[in-house]
Amino acid sequence: MPETRDITLTVNGETVTATVPVRLNLVDFLRNSLGLTGSHVGCEHGVCGACTLDVDGATTRGCLMLAVQADGCTITTVEGLPAHGMAGALRAAFTERNALQCGFCTPGMLASALEYIGAGGAADRTAIREHLSGNYCRCTGYQSIVDAVCDVIEGRARA
Amino acid sequence: MSGPKLSFDQPNRYIGQPVPRADAQRLLMGRGRFVDDMQAPRMVHAAFLRSPVAHGRIVSLDVAAARRMPGVVAVITGADLVGVVEPYVGVLSHLAGLRSAPQMPMAVGRVRWQGEPVAMVLAQSRAEAEDAVAEIHLDLEDLPAATDMERALDPDAPVIHPEFGSNLAWTRTVNVGDVDAALKGQDITIVEREFRFGRHTGVTLEARATLVEYDPAEDQLTVLYSGQAPHMMQFIFAKHFGMLEENVRVISQDVGGSFGIKIHTYGDEIAAAAAARMLGRPVKFVADRFESFMTDIHARDHAVRGRMAVGRAGHIVALDFDDVTGIGPYSMYPRTSAIEANQVLNLTGAPYVVPNYRATSKVVFQNKTLMCQYRAVGHPIAMAICDGLLEEAAAAIGMDPVEIRRRNLMRDDSYPRTSASGMKLDDLSHQKALEKLVEMMDYARLRENQARLRQQGIHRGIGFVSMVEVTNPSPMFYGIGGAPIASQDGATVRLDAGGGVHVSSSVTEQGQGTNAILQQIVAGVLGVDIARVKVTTGDTRTTPYGGGTWASRGAGIGGEAALLAAQALKEQVLDVAAVILQTQADKLDVADGSVVDAGGGAARMTLSDLARTVYYRGNELPSDMKPELVATRHYRVTDMPFVFTNGAMAAEVEVDVETGFVRVVNFWAVEDCGRVINPRLVDEQVRGGVVQGIGGALYEECLYSEDGQLLTTTMADYLVPMAAEMPDIHVAHIETPTKTSILGAKGAGEAGTGGAPAAVMNAVNDALRPLGASIFQMPMTPARVLAALGRAGH
Ligand code: FES
Ligand code: FES
């Protein structure tokens, strides 16, 4: 049997204890063991950004971190984003701008965009595009996503 | 077409409005329902051993050790599926002469491309299945591989299917007028160029995925499928498993992008379904990214030698080209791999008056991944050939690229007519689109700016394309050739007791907003609040029978069926209301969820009251009244093989002559897709399509070694457009509704991908021209641009 470890972590405000194979990555653990399927898997090699989520306040590739490394961490996935405030406003702006089509990149996009906005990023289209360049979207062409981020920064979007 | 007055010509709150999609919130909250989000009791995971070589003979295949690995439930080989799955052949009768060999889901005896499935492990987890795959012993004898499509027909090329005697799958020639005579004409200028279009693939962010359950008690197969055509897949599973079609249920919930990738018969998915039947337990297969690059269909891969002759005034005299395209070792089932070449012949030159036209395409087998239909099938090639040659011709005679288009585009008042290749064309607006484009981009100022920057050593270029897009296909596309692909679609619209309306439709949603426009149409036509309209799509058991969403047909065909069904339901409602209210139906209307006096009058009763009367208190109705509050209508295009749309696009690029990098600075698109149901969704379709087209023009390529090893198998090797490289894209519309339907909507999904590559290529050549360089190979990578400039790459 594969080697396992016990881990305890906080996911979206809940304490979770589990025994996990040491080779299991974080996003597979969240999706398959906890049923938090909002974080997606697009490449499993750290390029597409579909698995982007928040670990202890830092945006992280869920496919590049092992579940055992998350022992003791506090994790927020798309399911745990609040309905109000910046996250709520960003969701409203995404809807208004149609900044998602299939929606597969969306949870990761939200995480990266929130990181940018939360750090006090300006409504500078080039800077936003640079910041989002680790998140692949095949559907939208990105412009509407940039629009949505600008809407939040400039106070046009409300939760 | 008769029928009630066009509801959307009267004030309505939805059709033509930028209504936000109702299903966006769910996806934004992480509550999507993609295939890999689903689990089933006793589910096992499939992983595949795939051929490591492009061509080989299976000497031995030993799975004994794999069977003993932890967590393994079963190991199944290609030979195990003989007799379980009926082989399939990707030919269609209307593509006369097309040939392909029978295919099995996993290789039997021989492997013919790297990545072809050879054996499948089913285990408790995907990781355990992959562990066991590593323990399968496959002994292969290497066979010589035919990989280069341009040498695949050489007499000494290895023949992939010996029974055919050569690697030729299909060839077609179109010959209209007298090209040879025209090329000998007086006062003409001839330009001749060689074009190369690399292999691309779709790179849907959600990889192909399936979860199949089988219930032997009822001989019931249920397939959760990430794809575009549930009814087509229902037929395929039933036919090749020897089942009744009604015993196969195919369900598509959320689909993480498709673009034509997820609409074909993939061996691994068929094998997974076969395993579910053999084991009597659910099987999940989700391709990883490596498998996606290696086994999702590839597209394009054309080499073209073309020439165009123009007269002194810039009129096209003749267009002539030879195309060769490699499709892998088989023609894909059931849509075939000859459609792209066929489209290239059909579409090249279609926006222009071309008196003499000759084109030949050869479709060849090779030992590479199968090639088939991907977003904008054939369009990028067709548009790049004609508009590439046209801009070269303009330069040769010293004419502006806009002016030469003005002289050659079909006149907006000249329809209906046919293209040189015989395509029926109607309701197009090339001239208007070009003029709107030129105005939107402020062309004169751009040229001044270009000249000024040139003096500073900055090399900008401006390129154009005028294009057509095939949308709303009729039965002439596939059905006529024997494909199990519906060309008509249906919608059922039902009024429930609470006053809510339910639509179920056979078109599917992959993110375009299909469900949203169905809501808009039904709410708009019926006269109810859009929040009261719920939509079901993507389930062969609960929706009407139809084709799904591909070839830009969802809005035009599915939307029309929904419109007709909503109109029929409205008539039913008014008939019942007339009896209850003791008046005549034509004195009533429906608005805001209530029956009202016609002409904007007072509300008489709510739809809920009416429905409750019918459903609960039928005793209040005359006994000879048999009310129905549900209507189904189907729609197909009858007068045309396809409904063409048109567009005009332009790119401004900057070429760094030191590094060879091309940056797209600006992009403009004017699109005429007929009636626009939701301008926001259409604009975003165009933008997403343009970006995919820019990817094809500048970055994306499936590269192979000479012996057929795919070299681009990660997202770090196969480059897709990311946010930082992409420009903002300016979109405008002209609305020339198609006369083939009441709704008047044509498709918009593929124009950007079809047109952008030609515009970008022309822009790059516009930038390079003063330097005496040119490039006609896509993607236009830095190394190729430097080579074109006569500089070696660093
Ligand atoms: S799945 Fe983690 S970056 Fe792609
Ligand atoms: S919306 Fe489909 S990948 Fe971004």
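The values are calculated or read from the model by the stated rules, or taken from the named source; none is laboratory data. Predicted model only: the values in this text are computed from it and were never measured. Neighbour counts run over all protein chains shown; Cβ positions are idealised from the backbone, glycine included. The protein model used for the area step is the full one, side chains on, heavy atoms only, and it has no ligands, DNA or RNA in it. Shrake-Rupley method; radii C 1.70, N 1.55, O 1.52, S 1.80 Å.
Where in segment B:573-625 are there strands (runs of 3 or more DSSP E), lying wholly inside it, with at least 1 residues that are among the polar types (S, T, N, Q) and under 45 Å from the mean Cα position of the chain (by Cα)?
The qualifying strands (runs of 3 or more DSSP E) are B:594-597, B:603-606.
Does residue A:61 satisfy the criteria of being more than 16 Å from ligand 2 (Cβ to nearest atom) and crowded, with 19+ Cβ neighbours inside 10 Å?
Taking the combined requirement at face value, the residue satisfies it.
With the condition being under 29 Å from residue B:461 (Cβ atoms), I'd like the helices (runs of 4 or more DSSP H) fully within segment B:285-404 carrying at least 1 qualifying residues.
So the answer is B:339-347, B:379-397.
Do we find a residue being within 12 Å of chain A (Cβ to nearest Cβ), closer than 30 Å to residue B:52 by Cβ and open to solvent by 10 Å² or more (accessible area, probe 1.4 Å) anywhere in segment B:718-737?
Yes, because at least one residue in segment B:718-737 is within 12 Å of chain A (Cβ to nearest Cβ), closer than 30 Å to residue B:52 by Cβ and open to solvent by 10 Å² or more (accessible area, probe 1.4 Å).
Looking at residue B:512 and the list (1) within 14 Å of another protein chain (Cβ to nearest Cβ); (2) not in a loop (DSSP other than H, G, I, E, B), which single condition is not satisfied?
Residue B:512 satisfies every listed condition except (2).
Please go through segment A:45-58 and pick out each residue that is within 16 Å of ligand 2 (Cβ to nearest atom) and farther than 15 Å from residue B:718 by Cβ.
Applying the first criterion (within 16 Å of ligand 2 (Cβ to nearest atom)) to segment A:45-58 yields A:47-52.
Residues satisfying the conditions are A:49, A:50, A:51, A:52.
How do the strands (runs of 3 or more DSSP E) wholly within segment B:146-250 filter down when requiring 1 or more residues that are more than 14 Å from every other protein chain (Cβ to nearest Cβ), closer than 30 Å to residue B:550 by Cα and among the aliphatic types (A, V, I, L, M): which remain?
Once the strands (runs of 3 or more DSSP E) in segment B:146-250 are filtered for at least 1 residues that are more than 14 Å from every other protein chain (Cβ to nearest Cβ), closer than 30 Å to residue B:550 by Cα and among the aliphatic types (A, V, I, L, M), what remains is B:168-176, B:209-215, B:220-225.
Across segment A:129-154, which residue is nearest to residue A:52 (Cα to Cα) among those that are among the small types (Gly, Ala, Ser) and open to solvent by 10 Å² or more (accessible area, probe 1.4 Å)?
Taking the candidates together, the pick is A:134.
Check whether at least one residue in segment A:36-52 is outside any loop (DSSP other than H, G, I, E, B), touching a residue at least 24 places away in the same chain (Cβ under 8 Å) and surrounded by fewer than 19 Cβ atoms within 10 Å (Cβ to Cβ), and report yes or no.
No, segment A:36-52 contains no residue that is outside any loop (DSSP other than H, G, I, E, B), touching a residue at least 24 places away in the same chain (Cβ under 8 Å) and surrounded by fewer than 19 Cβ atoms within 10 Å (Cβ to Cβ).
Mind counting the residues in segment B:164-215 that are open to solvent by less than 10 Å² (accessible area, probe 1.4 Å), of a type in the set (Ser, Thr, Tyr) and away from ligand 2 (no atom under 16 Å from the Cβ)?
Count: 1.
Out of the residues in segment A:1-44 that are more than 16 Å from the chain's Cα centre (by Cα) and within 10 Å of chain B (Cβ to nearest Cβ), which is farthest from residue B:205 (Cα to Cα)?
So, considering only residues that are more than 16 Å from the chain's Cα centre (by Cα) and within 10 Å of chain B (Cβ to nearest Cβ), the one farthest from residue B:205 (Cα to Cα) is A:1.
Would you call residue B:783 open to solvent by 30 Å² or more (accessible area, probe 1.4 Å) and aliphatic (A, V, I, L, M)?
Values: open to solvent by 30 Å² or more (accessible area, probe 1.4 Å): yes; aliphatic (A, V, I, L, M): yes.
Against the criterion (open to solvent by 30 Å² or more (accessible area, probe 1.4 Å) and aliphatic (A, V, I, L, M)), residue B:783 qualifies.
Give B:192, B:163 a once-over and let me know the one that is touching a helix residue (DSSP H, G or I) at 6+ places or on another chain (Cβ under 9 Å) and acidic (Asp, Glu). First the steps, then the outcome.
Working: B:163 fails: touching a helix residue (DSSP H, G or I) at 6+ places or on another chain (Cβ under 9 Å).
Testing whether each residue is touching a helix residue (DSSP H, G or I) at 6+ places or on another chain (Cβ under 9 Å) and acidic (Asp, Glu) leaves just B:192.
Just one of the numbered conditions (1) within 14 Å of chain A (Cβ to nearest Cβ); (2) part of a loop (DSSP other than H, G, I, E, B) is not true of residue B:135; which one?
Of everything listed in (1) within 14 Å of chain A (Cβ to nearest Cβ); (2) part of a loop (DSSP other than H, G, I, E, B), residue B:135 misses just condition (1).
Pick out the one residue from B:556, B:548, B:481, B:500 that is open to solvent by less than 10 Å² (accessible area, probe 1.4 Å) and under 24 Å from residue B:32 (Cβ atoms).
Numbers: B:556 fails: under 24 Å from residue B:32 (Cβ atoms); B:481 fails: under 24 Å from residue B:32 (Cβ atoms); B:500 fails: open to solvent by less than 10 Å² (accessible area, probe 1.4 Å).
So the residue among B:556, B:548, B:481, B:500 that is open to solvent by less than 10 Å² (accessible area, probe 1.4 Å) and under 24 Å from residue B:32 (Cβ atoms) is B:548.
State whether the residues of segment B:441-452 include one that is touching a Ser or Thr at 6+ places or on another chain (Cβ under 9 Å) and hydroxyl-bearing (Ser, Thr, Tyr).
There is no residue in segment B:441-452 that is touching a Ser or Thr at 6+ places or on another chain (Cβ under 9 Å) and hydroxyl-bearing (Ser, Thr, Tyr).
From B:283, B:250, which residue is β-branched (Val, Ile, Thr), more than 16 Å from ligand 2 (Cβ to nearest atom), touching a Phe, Trp or Tyr at 6+ places or on another chain (Cβ under 7 Å) and on the phi < 0 side of the Ramachandran plot?
B:250
Return the total of residues in segment A:87-128 being within 16 Å of ligand 2 (Cβ to nearest atom) and over 15 Å from the mean Cα position of the chain (by Cα).
Start the filter on segment A:87-128 by keeping residues that are within 16 Å of ligand 2 (Cβ to nearest atom), which leaves A:90-91, A:93-113, A:128.
Then drop every residue that is not over 15 Å from the mean Cα position of the chain (by Cα), which leaves A:93, A:95-99, A:101-102, A:128.
The qualifying residues number 9.
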